[in-house]
Amino acid sequence: MSWLTRSLKQSIGKKFVMAVTGLFLILFLFEHIIGNYYLFAGPQAFDKYVGLLESFGYITPILEITLALFFIVHIIYGIWLWLGNNKATPIKYEVNGSKENASFTSRYAIYLGLLILLFLLIHLYNFWYHYRVMDYQLYETIKELFANPYYDIFYIFTFIVLGMHIHHGFQSAFQTLGWNHPKYFPFVKKFGTFLAVVFALAFSIIPIYFYFVH
Ligand code: HEM
């Protein structure tokens, strides 16, 4: 086992963990946006969707714990890698060989990630805690929160940040995993940008809809 712990502590091992957990979290975002779009079909349709998730019995908490672990590992390894980069070189964040080559989203990936973490803590308190622990009605909670323009601005700001984080993370993950063939990598980069824009827009439509339509 020691080769495994040793590799996971090395920079490339940490980047590997970041890549795998990051791609998994993108998959979660797909599931989450599809589920959230039931909101547009009204409270009954949304409750039916949430009920369906709960009907999986033990599988639901197992999936939630797995998701939480992926988030925690992604965050811890991100901070660890960033601290290591800072110590190893006077150039703060290096991608593609030089600081000049690094885009804004890659150079500030750690700060974008920490903003998403702040959002997650607030988001989980608002929705997950109130629903799972306090037994609030989810649809009504969402309606009430998004009636507040400050919340809407905060959420939309985070979705833009999330898009920027994905823009960097998607291509970086492919590079780390060695899936960067010169013929296909330009497509990977374009697809990452496409995903980033789609997620930012698709999530932002929800608070906008609740603010203006409800
Ligand atoms: C307008 C956009 C969003 C809405 C309306 C929304 C709504 C919700 C709701 C209602 C829940 C509770 C579901 C349950 O416990 O069964 C939830 C949970 C959660 N959300 Fe969101 N969410 C949004 C965006 C996001 C984003 C962008 C992320 C990630 C960066 C995220 C991460 C999570 C996580 C990790 C959970 C807990 C896991 C779960 O219970 O499925 N959410 N969200």
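Residue separation of residue 131 and residue 44 scaled by 0.36 nm, minus their Cα-Cα distance, works out to 29.7 nm of gained length.
Note on residue 12 and residue 212: with the Förster distance fixed at 45 Å, the Cβ-Cβ geometry gives a FRET efficiency of about 0.40. For the pair residue 76 and residue 185, the difference between a 0.36 nm per residue extended length and the Cα-Cα distance amounts to 36.5 nm.
Mind telling me which of 193, 60, 141 comes out most flexible in a GNM of the chain, alpha-carbon contacts under 10 Å? Evaluated over the chain, the most mobile residue of the options is 60. Exceedance of the 31 Å cut-off in Cα-Cα distance is limited, within the set 14/190; 15/143; 15/190, to 15/143.
Think of the chain as having a plus end and a minus end, set by charges on the Cβ of Lys, Arg, Asp and Glu; of 177, 134, 145, 177 sits farthest toward the positive end of this dipole.
Multiplying the residue separation of residue 153 and residue 114 by 0.36 nm and subtracting their alpha-carbon distance yields 12.3 nm.
Among 146, 154, 127, which one shows the highest mean-square fluctuation when the chain is modelled as a Gaussian network with alpha-carbon springs under 10 Å? Of 146, 154, 127, the Gaussian network model singles out 154 as fluctuating most. Of 52, 114, 156, which is farthest towards the positive pole of the chain's charge dipole, taken about the Cα centre with +1 and -1 on the beta-carbons of Lys, Arg and Asp, Glu respectively? After comparing all options, I get 114.
FYI, it's all coordinate maths here, none of it is from the lab. Keep in mind that this is a model prediction, so the values were computed, not measured. Every residue, glycine among them, receives a Cβ derived from its backbone with ideal geometry; neighbour counts consider all protein chains shown.
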